[in-house]
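A short write-up of the structure that comes next.
The values are calculated or read from the model by the stated rules, or taken from the named source; none is laboratory data. Just so it is clear, the structure is predicted and the values come from calculations on it, not from any experiment. No Cβ is skipped: glycine too gets one built from the backbone with ideal geometry, and neighbour counts run over all protein chains shown. Side chains included, ligands, DNA and RNA excluded: accessible areas come from the protein's heavy atoms. Shrake-Rupley method; radii C 1.70, N 1.55, O 1.52, S 1.80 Å.
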Amino acid sequence: MPSEREAVYQVVVDWNNDADFSDTSEDVTNDVLARSAPTIDVGRDQVRELTPPMIGAASFELNNSAKTYSAEFPGSPIYGLLLPGRAAEIRASAGGTVNYDDDVDYDSDLVYNGDPVAIFTGIIDEPVQNPEHDKRSVSIRAFGSMTKLQKNVSTELYEGIATGTAITNLLDAAGWSATKRDIDTGQSTLLYFWAADEDALALAIRVASTEGAGAALYEDGEGVIHFEDRTYRSLETRSTTSQATFFDLSIGTEGFYEEEVAYDSVVPYENPYGIHHVSPLRYAPGFRDIVNSVSLEVTQRTVAALAVIWTYGTTLTLGASEVKTITAKLQSDPAKAIVCTNGVDVTVSAGSIASSTINRTSGQVITITLTAGAGGATVNLLQLRGTSAAVSATITVSNLSDQSDSITKYGSRPLPASVSMLTDISVAAAEGLADAIVQRYNEPLATVDMTLVNVDGSHLSEQLSRQVSDRVTIVETQTGLNNDFWIERIGHSIQMAGKRHVTVFGCAKVALSADDIYLWDDAAAVFDTALWGA
């Protein structure tokens, strides 16, 4: 029976791809080899607010001495099913036991200790066979569910929508489950938004960047994608109030303070004194992440009168009653009020077209479906008409906030080119966005990688319960740290068959002004003068 400091782990793979993990050989827990500790990483790509989300990753090795996972062995119970793209989960139940109170007998091979928590959800890559006599195993590498957003999608043209709505529309277009998302409404307004055969994840990242400093887009261990708008960490209790304090000193024995001066250390005197992190704590001061100069491009559009916006350009022949689909991509700009009227936009030199339909009436990528009459058709004209939302002007907007002090100290530090934003926002919104970025990042914000080990049940609980955007306090006497940080990335290493669980939290220092100046549009906030969404 596990102690309070040990978790019970379960690793499952949906080999037959039927959206559950209850079939033969899908619970692979007992075959996970302790010699190669399973590892997990979720959260942001790097431990900095301005970096994009990371596609989570996990790895583990399966004992294959029974040839269960041998791709060429017909006697395998999952023969023909050892394929990439299968769903996988790694679950952990906190240490200690609780009473089982269901109406049926408990008959699992696993110790019952309450509801498990998924610490990784994703899909497996190509399994790697290790047939050597001293191995006889299969190595599994899995990637977070967010990888399913790396697909090209197209949408209609939306006007005046919030960033959260834009991300929701992208998730819908990519077929992302409605039960696996937690999306804020968003505070920034996109004057125009659409996808034109574009990578859904890359475009979602650009939307999140356009939301403003402090916004976050990430996937958690349960495979839920989160979009937190720019005010989230200034409003939510778990981000405004420290959820735990992590000290660097070893737990010792209790004693009495006998000096003649008052005790004023940052560390409580009595030992043991709570949760502690262990070496190494990796500290980076954050000088390379300073931003004190921001220039953003803003696009202004004018909607034209109804006109021809696309032409097929050659003759099209259809057989008797044939149905043909043509994809039209508009040259440079999206359009709305799109029509494809049979007899006007579709004409024939022979035969007939029974019907012509389009899949959407706005956007930049339109699918046209033609159905020929019984005698077939020779189409000599196929076109789309619509009102094009063409670019009428491009304006470059720079931060208005005076950053001369920062520039004098650190030199001019522009926004990294890797931070890509959408241009269909108002000038006022762009000015507010630029100012917010330099206000937040004009001074270095330290980052740390903090390591926890399951020395007791309290530590294990912190390892399994802390999430991205949780605010925590980190104390480290050598560097002088006694500051609040936000968790940005989480990594797990499950060693010694689960007896040792190592968690590394990548954390970014909370900006000094994060609790006051970033409540944009608030009457008392610095940025109330920026007309966000105007």
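Candidates in the stretch 313-322 are the residues that are open to solvent by less than 50 Å² (accessible area, probe 1.4 Å) and part of a strand (DSSP E or B); of these, the one that is farthest from L191 (Cα to Cα) is L318.
The single condition among (1) open to solvent by less than 40 Å² (accessible area, probe 1.4 Å); (2) modelled with pLDDT of 90 or more that K509 does not satisfy is (1). Evaluation of S279 against the conditions (1) at pLDDT 95 or above; (2) of a type outside the set (K, R); (3) assigned to a strand (DSSP E or B); (4) exposed (fewer than 13 other Cβ atoms within 10 Å of the Cβ) shows that the sole unmet condition is (1). For D182, state whether it is touching a residue at least 12 places away in the same chain (Cβ under 8 Å), surrounded by fewer than 21 Cβ atoms within 10 Å (Cβ to Cβ) and farther than 29 Å from S392 by Cα. The answer is yes for D182.
A single member of I487, I494 is crowded, with 20+ Cβ neighbours inside 10 Å and more than 24 Å from T51 (Cβ to Cβ), and it is I494.
Exactly one residue among S412, S420, S461 is open to solvent by 30 Å² or more (accessible area, probe 1.4 Å), in a loop (DSSP other than H, G, I, E, B) and modelled with pLDDT under 95, and that residue is S420.
Among residues belonging to the stretch 497-506 that are open to solvent by less than 50 Å² (accessible area, probe 1.4 Å) and not β-branched (V, I, T), point out the one that is modelled with the lowest pLDDT. Filtering the stretch 497-506 for residues that are open to solvent by less than 50 Å² (accessible area, probe 1.4 Å) and not β-branched (V, I, T), the one modelled with the lowest pLDDT comes out as G498. Please verify whether V397 is touching a helix residue (DSSP H, G or I) at 6+ places or on another chain (Cβ under 7 Å), among the β-branched types (V, I, T), at pLDDT 95 or above and surrounded by 19 or more Cβ atoms within 10 Å (Cβ to Cβ), treating the condition exactly as stated. Answer is yes for this residue.
Just one of (1) at pLDDT 95 or above; (2) within 24 Å of E228 (Cα to Cα); (3) open to solvent by 50 Å² or more (accessible area, probe 1.4 Å) fails for V128. It is (2).
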